[in-house]
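The values are calculated or read from the model by the stated rules, or taken from the named source; none is laboratory data. This one's a predicted model, so the numbers in the text were calculated from it and none came from an experiment. With ideal geometry, Cβ positions are generated from the backbone for all residues, glycine too; neighbour counts draw on all protein chains shown.
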Amino acid sequence: MPEYYALILFALIFLMILSGYPVAFTLGGVSVIFGYFALGPEFFNFLPLRIFGTMNNAVLMAVPLFIFMGIMLEKSGLAESMLETMALLFGRFRGGLAIAVIIVGAMLAASTGIVGATVITMGLISLPTMLKRGYSPELATGTIASSGTLGQIIPPSVVLVLLGSVLNVSVGDLFKAAVVPGVALVLMYILYIVGVAWLRPQHAPSMPEEEITNFRAAKGSMFSKVFTAFIMPLLLIVAVLGSIFAGIASPTEAAAVGALGATILTIASGKFRFTTLKEVMMDTTHLTAMVFMILMGATAFSLVFRGMGGDQYLIEVIEQAQLSPAMFLFIVMLVIFVAGFFIDFIEIIFIIVPVVYPIFVQFNIDLIWIGILIALNLQTSFLTPPFGFSLFYLKGVAPPSVSTQHLYRGIIPFICIQLVFLALAILFPQLVTGML
């Protein structure tokens with residue numbers, strides 16, 4: 001029966017991706033082969049229309065613009081100036097450097113949303129300093145990796161743009177709903193750091209007073225540091241998110257404002273070169289092409305899966321099993337969490353979410369709430385071993401003394417914090433929907 005072929009298609013694609021085959025070509029190629037034999041060649045008359053419809057989606061135009069914005073800000077030295085300023089403000093407190101890293105990670109998330117760039121930049125700048133000051137390798141690496149992934153949930157987030165497209169909901173509403181969860185995660189990270197510094201002060205010492213004094217004297221006036229590190233990025237954040245929340249601009253228009261603003265900030269910092277612009281454009285093109293190739297493959301998969309009745313079959317199975325909406329949500333969250341150990345968030349968005357989306361619609365569940373829950377869950381995919389990408393990024397720039405075991409042990413408390421907050425967001429939906 002065709003519906004069984006749909007389930008075989010889903011399982012085969014999942015296994016091939018785990019085996020290392022390219023995601024875009026696996027999604028598209030296997031789906032086309034299955035569709036040809038199960039549905040006939042005439043069925044694919046719909047495929048070009050679906051692909052062109054996806055490419056003409058104005059919301060997805062925000063993806064390359066936000067990527068451009070993030071990469072351009074990476075070149076501006078924004079992270080370095082932020083970390084220097086935060087070290088001055090919090091360095092005298094126990095755990096102050098770790099708190100500074102978390103706050104900078106949140107600021108960069110609201111400014112860039114590019115996880116890899118954030119983790120690498122903060123790893124290069126702050127990890128050697130934290131280790132030199134006596135921080136335990138586990139706390140230092142866990143703090144950097146987890147704060148770097150805040151760009152997954154704090155808007156503007158590419159993840160939320162893609163989820164908005166797949167779930168067919170407003171990206172602006174997703175951005176609004178993500179504000180409280182993003183801020184809450186930052187506060188929970190900081191509380192954990194404060195707790196570690198209080199219970200185990202040897203793992204999170206303060207900076208020596210004389211070093212802070214010398215650092216301040218060497219870096220110019222405090223006002224200029226604060227202006228460069230906070231006021232300018234804050235203006236960019238207000239321009240992007242404020243215009244969306246106020247209804248002045250769509251997410252795509254706001255992304256264009258952000259791309260221009262990031263370029264202006266880079267010029268103001270004296271880091272702009274035409275070679276820099278060329279590098280940013282090439283990196284943006286590379287990442288955008290990767291995302292949209294996967295999106296084209298996902299379009300073919302979705303068309304074939306639904307054409308073979310896979311979505312209706314799953315709905316019937318769940319109805320016959322008499323699963324409650326809460327139990328189905330638990331199963332989906334568990335599947336996404338486990339899948340995050342092995343595959344990237346983009347594959348999860350384009351493979352798993354389209355399959356479960358019709359069932360959430362059937363249950364009449366708020367899709368904005370579901371989108372934020374999935375985004376929170378996907379955030380752990382960057383941190384969970386063995387294939388957590390943030391761990392790979394950080395390991396690549398870490399000193400030889402930092403082992404993979406340090407990374408794995410250090411990230412466990414932060415994964416637990418994320419799971420605790422995910423549970424709270426499920427139990428208390430107003431944490432997500434309160435801003436709407």
Checklist entry - Is there any pair linking a residue in region 91-108 that is without any contact (Cβ under 8 Å) to a residue 40 or more places away in the chain to one that is assigned to a helix (DSSP H, G or I), with Cβ under 7 Å and at least six apart or on different chains, and which? => result A100/L83; A100/M86; A100/A87; A100/F90
Checklist entry - Out of curiosity, is D344 modelled with pLDDT under 80, surrounded by fewer than 20 Cβ atoms within 10 Å (Cβ to Cβ) and either among the acidic types (D, E) or within 21 Å of the chain's Cα centre (by Cα) (or both)? => result yes
Checklist entry - Quick check: is even one residue across region 28-43 within 19 Å of V353 (Cβ to Cβ), in contact with a Gly (Cβ under 6 Å, 6 or more places away or on another chain) and surrounded by 13 or more Cβ atoms within 10 Å (Cβ to Cβ)? => result yes
Next on the checklist: With the requirement that a residue be of a type in the set (S, T, N, Q), within 23 Å of A289 (Cα to Cα), part of a helix (DSSP H, G or I) and at pLDDT below 80, what does region 31-75 give you?
Outcome noted: T54
Checklist outcome for this item: Only one of A177, A145, A184 is under 25 Å from A423 (Cβ atoms) and touching a Ser or Thr at 6+ places or on another chain (Cβ under 6 Å), namely A145
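One line per residue, one yes/no per condition, for (1) surrounded by 14 or more Cβ atoms within 10 Å (Cβ to Cβ); (2) not in a helix (DSSP H, G or I); (3) not polar (S, T, N, Q):
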residue	(1), (2), (3)
K271	yes, yes, yes
H286	no, no, yes
M290	yes, no, yes
G297	yes, no, yes
I315	yes, no, yes
Next on the checklist: Residue under question is A140, and the condition is that it be under 30 Å from V355 (Cβ atoms), at pLDDT 85 or above and crowded, with 24+ Cβ neighbours inside 10 Å; does it hold?
Outcome noted: no
Checklist entry - Can you name the residue in region 162-211 that is in a helix (DSSP H, G or I) and in contact with a Lys or Arg (Cβ under 6 Å, 6 or more places away or on another chain) and, of all such residues, is modelled with the highest pLDDT? => result A197
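Each row is one residue, and each column tells you yes or no for (1) within 30 Å of P137 (Cα to Cα); (2) modelled with pLDDT under 80; (3) in contact with a helix residue (DSSP H, G or I) (Cβ under 9 Å, 6 or more places away or on another chain); (4) buried (at least 16 other Cβ atoms within 10 Å of the Cβ).
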residue	(1), (2), (3), (4)
K219	yes, yes, yes, no
F223	no, yes, no, no
M232	no, yes, yes, yes
V240	no, no, yes, yes
Next on the checklist: If a residue must be surrounded by fewer than 17 Cβ atoms within 10 Å (Cβ to Cβ) and touching a residue at least 24 places away in the same chain (Cβ under 8 Å), how many such residues does region 384-416 contain?
Outcome noted: 9
Checklist entry - Considering V361, V356, V332, which residue is surrounded by fewer than 17 Cβ atoms within 10 Å (Cβ to Cβ), out of contact with any strand residue (DSSP E or B) (no Cβ under 8 Å at 6 or more places or on another chain) and of a type in the set (V, I, T)? => result V361
